[in-house]
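J.: The structure follows.
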Amino acid sequence: MPSTHPFTQKIDRTRLAQLRQDEDQAFRQRIPRSIALRERALKHMPLGVPMPWMAGLWRTPPLYIASGQGAYFTDVDNNAYLDFNLCDLAMTVGYGNTKVAEAADRQMRQGAHYLAATEDAIAVSEELSQRMGLPHWQYTLAASGSNTEVIRIARFVTQRPRIVIFGGHYHGHLEETLVRDENGQSVPDTLGLSPGSSAHTTVIAFNDLAALEQTLARGDVALVLTEPAMTNCNLIMPEPGFHAGVRELTERYGTLLCIDEAHTLQFAYGGLTRAWGLSPDFIVAGKGLGSGVSFALYGMTEAIADVVTRTLDIDDGSPRGLALGGTLYGSALAMAVARVMLEEILTPSAYERVAQLGSRLASGLSAVFAERQLPWSAFHCGPRSGYCLAPCLPRNGEEGYLSLDYDLIDARRVFMANRGYWDAVGSAGPQACIAHTQTDIDGYVAAAAEFLDRIIKS
Ligand SMILES: Cc1ncc(COP(=O)(O)O)c(C=O)c1O
């Protein structure tokens with residue numbers, strides 16, 4: 001972002017660049033073993049990591065991790081980091097949770113998977129129904145897989161091709177949602193996609209009910225897929241009445257509605273679907289419930305489950321049906337972990353405690369901005385906070401992206417890392433978790449203040 005950003009004028013860009021350089025150098029000096037391991041790794045893995053995000057999300061050389069405990073992980077050079085990224089919300093109960101470890105250990109010793117159901121799967125589905133309202137559930141390995149199956153079912157049920165998503169979205173690495181709007185045209189957002197993969201996706205501004213109605217009125221939309229609050233472009237909250245409007249319009253035009261809670265299930269007990277009284281046709285979730293074990297799910301209404309049950313592709317000699325499922329989906333291991341997470345860890349009181357920590361984080365950051373007369377605000381929803389580089393919170397993706405000032409974010413991340421705080425990925429914000437304490441939150445806020453003091457014009 002250019003330094004003409006209207007609300008970052010108090011940042012001294014020369015000092016920021018110098019600080020970044022100094023902190024980058026200090027960081028490299030702290031991680032000689034990681035740097036050596038990377039040299040070895042580069043011979044056999046692109047970027048030296050098993051999956052590109054492990055290097056690409058950070059603007060520093062990748063760390064190689066030795067272990068984790070509670071809210072901390074420790075790299076191979078024995079540097080400990082208090083984690084506010086939490087594996088992009090996959091590890092919101094912290095590392096090495098005893099109950100999770102015991103459940104996983106028990107199930108591994110008995111067999112991780114049989115390609116057959118266990119009683120845990122029934123208990124998990126019962127618990128999800130009680131928490132989130134929808135009666136029927138299916139399981140995958142990742143929210144990307146859940147969204148893929150939901151889109152397929154919605155197309156089949158409605159016999160329509162199109163899906164609608166909102167600007168600032170991320171719904172996983174599936175072709176239909178790797179799409180962006182360019183001057184009113186849907187175009188592929190990344191390389192290597194099938195020709196025409198964006199042809200049946202329309203991207204609309206979040207909070208714009210008029211645009212949504214215009215699109216739905218064409219009568220070809222199978223599914224509206226949205227997060228309850230958009231979490232992948234900082235944080236965009238729905239305006240009052242937005243979700244009620246989306247539900248009303250989708251019902252009026254015969255379109256199904258999916259609420260993607262891949263992140264926001266960590267924000268409130270039963271997700272924001274329950275907290276805000278939403279009534280979608282599908283819910284997608286994942287990440288946090290497996291605590292690192294691949295596990296994701298989608299819920300559906302009775303009416304949709306009825307169609308799915310009658311038309312599944314079950315290889316019984318009848319015509320081919322709906323293609324759902326995968327070899328490792330819904331494994332005994334994942335179900336054992338998810339059950340303990342739901343029944344023993346992600347309790348209403350745990351969510352309450354984390355929300356209090358999230359409030360402390362957001363009010364701490366707000367106070368830091370106010371004391372320095374920065375015209376910024378702190379994002380806040382449940383445990384999530386972050387740096388909104390404007391006085392008003394964004395209403396849509398376009399406004400949300402204005403806070404992605406990567407010069408500022410990258411310098412802050414490495415500054416925080418050198419002081420033992422692992423900050424959130426650039427498009428998110430720091431998030432409180434079950435394993436954090438008030439002292440952890442206060443420490444993060446103090447380090448954030450120290451960073452700003454180093455780069456604000458005197
Ligand atoms: C809202 C949302 N949906 C889906 C996904 C995809 O999840 P996964 O990477 O587990 O497939 C993500 C990942 O960040 C997400 O934020």
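Every number in this text was worked out from the coordinates using simple rules, so none of it is lab data. These numbers come from a predicted model, not from an experiment. Here the Cβ positions follow ideal geometry from the backbone for every residue, glycine too, while neighbour counts run over all protein chains shown.
J.: Please list the non-local residues whose amide H lies under 5 Å from the amide H of Leu312, H modeled 1.01 Å from N, same-chain partners needing a gap of 5 or more.
T.: Here the answer is Leu322, since their amide H atoms fall under 5 Å of that of Leu312.
J.: Still on this model: So what are the ³J(HN,Hα) numbers for segment 379-388, from phi and the Karplus equation (6.51, -1.76, 1.60; θ = phi - 60°), rounded to whole Hz, Gly and Pro as x?
T.: Each residue's phi maps through the Karplus curve to give 5, 7, 8, x, x, 8, 10, x, 9, 8 Hz.
J.: While we're here: Going by how many other Cβ atoms sit within 10 Å of their own, how do Ser186, Ser385 line up, fewest first?
T.: Ranking Ser186, Ser385 by Cβ neighbours within 10 Å, fewest first, gives Ser186, Ser385.
J.: Go ahead and estimate [θ] at 222 nm for the chain from helices alone: -39,500 (n - 2.57) per DSSP H run with n ≥ 4, summed, over the residue count, rounded to 500. Display every interim value, and only then the final one.
T.: Working: 16 runs with 182 residues, N = 458.
The helix-only estimate for the chain comes to -12000 deg cm²/dmol at 222 nm.
J.: Sequence neighbours fewer than 8 away in the same chain don't count; with that in mind, list the lysines whose C-alpha is under 25 Å from Lys457.
T.: Of all the lysines, those that pass the test against Lys457 - Cα under 25 Å, at least 8 places apart if same chain - are Lys10.
J.: Taking other Cβ within 10 Å of each residue's Cβ, how do Ile165, Ile314, Ile283 sort, fewest first?
T.: So the ranking, lowest neighbour count to highest, is Ile314, Ile165, Ile283.
J.: How would His5, His44 line up from fewest to most surrounding beta-carbon atoms within 10 angstrom?
T.: His44, His5
J.: Report, ordered by chain and residue number, the aspartates and glutamates lying within cross-link reach of Lys287, taken as a straight Cα distance under 13 Å and ignoring same-chain residues fewer than 8 apart.
T.: Candidates past the 8-residue exclusion: Asp88, Asp260, Glu261.
J.: Counting pairs of alpha carbon atoms under 8 Å apart in space and at least six apart in sequence, what relative contact order in percent does segment 98-345 give? Each step should come with its number before you reach the end.
T.: Details: 447 pairs, mean separation 75.2, N = 248.
Answer for segment 98-345 is 30 percent.
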